[in-house]
Amino acid sequence: MGVAAIVDTVAQRLARASLSQAEDRARRYVLRHFADTGRAPGLAELRRELQLSSEEDAAAVLTRLHEADLIVYDATTERITAAYPFSGKPTGHRVEIGDRTLHALCAIDALGIPSMLDAPGVIRSECFWCHAPIGVHVEGGVVAAHWPAGVVAWYPEKDSCGCTATSRCILINFFCSEGHLGAWRKANPREEGTALNLQEAVEAGRMIFGELLRS
Ligand SMILES: [Zn+2]
């Protein structure tokens, strides 16, 4: 089965959302801001960037992006907590691009960041079973190096409840070996999904995120 058959891509959600020009500018600005600084922009920054008349208007645009499951916007705190593939909070999936360290929502999101930004990157994470360190160097859309030798990724079945970040992402992880993925599956027999080798996982990341900042 090809990777295309299992991934629910952000690009598909973006196409379904039919964003206005201003909403799409906001979406790109949020992603660029995460990529450049490692954090989300605030309402004041977004208002300035989009030349909106008020922060309420900026909040309305973010609410729209949240409803399309393109970002996670907390209306109570008025903060963006995530914008796929980026997390506003530190996670176990870090991506080093140049001199920046970015935090990804999950293993596949981390692998997709170099493709989305058209830049080489090093993903650092850990085995979801034994916590052994895992590293993957992605360059030109392929795996240039990785450690340890047997790294695999787990991609869960589609989940219909809640936004992706809070339901599905938490189970998209790396394992140091097929053996440790097997041990985790044995301990969690109700979890359905697909084991991906690293190149398949990079391909999934590219499919989900590769086009998000292209015009
Ligand atoms: Zn392990």
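Annotations for the structure displayed:
- Selection within segment 155-177 - closer than 26 Å to residue 68 by Cβ and either within 14 Å of the ligand (Cβ to nearest atom) or modelled with pLDDT of 95 or more (or both): 173
- Residues in segment 44-54 that are surrounded by fewer than 20 Cβ atoms within 10 Å (Cβ to Cβ) and not basic (Lys, Arg): 44, 45, 49, 50, 51, 52, 53, 54.
- Residue that is surrounded by the fewest Cβ atoms within 10 Å (Cβ to Cβ), among those in segment 132-151 that are part of a loop (DSSP other than H, G, I, E, B) and within 10 Å of the ligand (Cβ to nearest atom): 148
Condition check ((1) assigned to a helix (DSSP H, G or I); (2) closer than 15 Å to residue 72 by Cα) across all residues:
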{"residue": "7", "(1), (2)": "no, no"}
{"residue": "14", "(1), (2)": "yes, yes"}
{"residue": "24", "(1), (2)": "yes, no"}
{"residue": "32", "(1), (2)": "yes, no"}
{"residue": "40", "(1), (2)": "no, yes"}
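- The number of residues in segment 80-131 being part of a strand (DSSP E or B), away from the ligand (no atom under 16 Å from the Cβ) and either within 10 Å of the chain's Cα centre (by Cα) or not assigned by TED's automatic domain parsing to the domain that holds residue 202 (or both) comes to 8.
The values are calculated or read from the model by the stated rules, or taken from the named source; none is laboratory data. On a predicted model such as this, the values are computed, not experimentally measured, just so you know. Glycine gets a Cβ as well: all are built from the backbone with ideal geometry, and neighbour counts include every protein chain shown.
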